[in-house]
Amino acid sequence: MTGNPAKNRPKGGVLALISLLMIGSAVIRIGFEAGPALAKTAEPSRPDSGQPHGELPGAQVLLTELLRREEALKQREAAAIDKEKALAIADEAIETRLVALQEAEDALRATLAIAEKAAENDLTRLTDVYQSMKPKDAAALFETMDPTFAAGFLSRMPPDAAAGVLAGLSPEAAYTISVIMAGRNASAPQE
């Protein structure tokens, strides 16, 4: 086989023939199927059908459906506007309440500050009273106090006054109060 196989082939014959057959088949189908469809649309409208001249058979149904959809759209739009107004009223009420809440919080902070200052003043005054007492008399009073309460007063006193009171306490009471005073800031952060 020294010859070239491409030289032995017929030129464009088979593909052209298949293409012509397919195009012919398509033309025949269009002719048979489109003819009756075109004939139906070309018929004039009958006066007894109740449709105006030139109006398509489904046009009235289409128009009714479009009007119904337009009405539904208008109702949705009105509902959306109503919701928007309700949200605006709710936002306004929330803003009013937030302002009132902020004012109440500020008033509460001021009241707490006054109460804390008054309590601090009372503790300072009571501490001054205890440190101005004779250490022996103050020790007798501290002996009857709760150790945590007594440790609070002793830690506020100057060291020499606190030492005089601790010296007058029983060893057990002095030890308990000392442990409480030493451990008071043990859980505080170191850095």
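Structure data summary
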| read-out | value |
| --- | --- |
| Residue that is nearest to the chain's Cα centre (by Cα) [pool: residues in the stretch 162-176 that are under 25 Å from ASN121 (Cβ atoms) and either surrounded by 19 or more Cβ atoms within 10 Å (Cβ to Cβ) or touching a residue at least 40 places away in the same chain (Cβ under 8 Å) (or both)] | ALA162 |
| Helices (runs of 4 or more DSSP H) wholly inside the stretch 58-169 containing at least 1 residues that are over 30 Å from ALA182 (Cβ atoms) and of a type in the set (A, V, I, L, M) | 59-132 |
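Results for (1) touching an Asp or Glu at 6+ places or on another chain (Cβ under 8 Å); (2) surrounded by fewer than 10 Cβ atoms within 10 Å (Cβ to Cβ); (3) modelled with pLDDT under 95; (4) not assigned by TED's automatic domain parsing to the domain that holds GLY168, shown as yes or no for each residue.
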{"site": "ALA42", "(1), (2), (3), (4)": "no, yes, yes, yes"}
{"site": "SER45", "(1), (2), (3), (4)": "yes, no, yes, yes"}
{"site": "ASP48", "(1), (2), (3), (4)": "no, yes, yes, yes"}
{"site": "GLU65", "(1), (2), (3), (4)": "no, no, yes, yes"}
{"site": "LYS74", "(1), (2), (3), (4)": "no, no, yes, yes"}
{"site": "ASP122", "(1), (2), (3), (4)": "no, no, yes, yes"}
{"site": "ALA138", "(1), (2), (3), (4)": "no, no, yes, no"}
{"site": "LEU141", "(1), (2), (3), (4)": "no, no, yes, no"}
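The values are calculated or read from the model by the stated rules, or taken from the named source; none is laboratory data. Just so we're clear, the structure is a prediction, and the values are computed from it rather than from any experiment. No Cβ is skipped: glycine too gets one built from the backbone with ideal geometry, and neighbour counts run over all protein chains shown.
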